[in-house]
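Data block below; observations after.
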Amino acid sequence: MAREVLTVLGVGGMGQAIARRLGAGKTVLLADNDEAALASVAEALSADGHHVDSRGVDVSSPESVRKLAGHAASLGPVTQVAHTAGLSPAQACAQAILAVDLLGTAVVLEEFGEVIAPGGAGVVVASMAGHMFPPLTAEQERALAHTPANELLGLEFVSPQKITEPGIAYGIAKQANHIRVRAASAHWGRRGARINSISPGIISTPMGQQELASRSVTVCEQ
């Protein structure tokens, strides 16, 4: 019998903790776009006795995430998905944050919503920052909830041309995560699975420490 599969997207501090906490007895599929970090975390978890597989992924690419979801399903029933991948304002410019934190989350919800096993569960790590911005209009919420993932950044009010400040991009992306997860719950539910988001504050991970220490604004190269 194939092992259940725990897929963890993003192998930073939170992703590692989730893998260690939930991975016993499962196949732990780790995914990240940082090959060196991915290899290091996979080696450490394997050394501690976990059954680990790893794959590179670009969450802003539907094709990349689709391949990852297909690979996850080939390993066994995908019963747990933890989406922790993201960029903070100290790490990236607004354009990159929108691509990874907003578009990337929508893509992961769509693609893993096609392979999640009955009785399975997923979690998207959003942020308290998503609760600190003025509420969107009903029309904007509907657009964020139901626009196909690959068309999201074409919405005028969240386009990279409109949003150029990293902190604003981050807050809007995380607000959109809450909306997108609520909308995705219907499809996941029809498969007998559930999906939720959580909104932590700054966690004492390397990314969190970087954010606390940073006073700079990252600008995208044109």
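Please treat every number below as a calculation from the coordinates, not as lab data. Being a predicted model, the structure only gives us computed values, none of them experimental. So basically every Cβ, Gly included, is an ideal-geometry build from the backbone, and we count neighbours across all protein chains shown.
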Self-check item: Cα Rg, Dmax, the chain, angstrom units
Solution: 16.7, 51
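Would you mind ranking Glu141, Glu111, Glu151 so that the residue whose beta carbon has the fewest other beta carbons within 10 Å leads the list?
Values: Glu141 17, Glu111 23, Glu151 11.
With the fewest neighbours first, Glu141, Glu111, Glu151 line up as Glu151, Glu141, Glu111.
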Practice problem: Pick out which of Leu45, Leu30, Leu98 has the largest mean-square fluctuation in a Gaussian network model of the chain, springs linking Cα atoms closer than 10 Å. | Solution: Leu45
Quiz item: Cross-link partners among lysines for Lys174, C-alpha distance below 27 Å, same-chain residues fewer than 8 apart left out?
Solution: Lys67, Lys162
Self-check item: Extension gain, Phe157 back to Asp48 (0.36 nm per residue minus Cα-Cα distance, nm)
Solution: 34.6 nm
Quiz item: Order of Ile116, Ile179 from fewest to most other C-beta atoms within 10 Å?
Solution: Ile179, Ile116
Quiz item: For the chain, which span is the longest to avoid every loop-located (per DSSP) member of trypsin sites (Lys or Arg not before Pro) having at most 16 other Cβ atoms inside 10 Å?
Solution: 4-161
Quiz item: How high is the relative contact order of the chain, given as a whole-number percent (alpha carbon pairs under 8 Å, six or more residues apart)?
Solution: 24
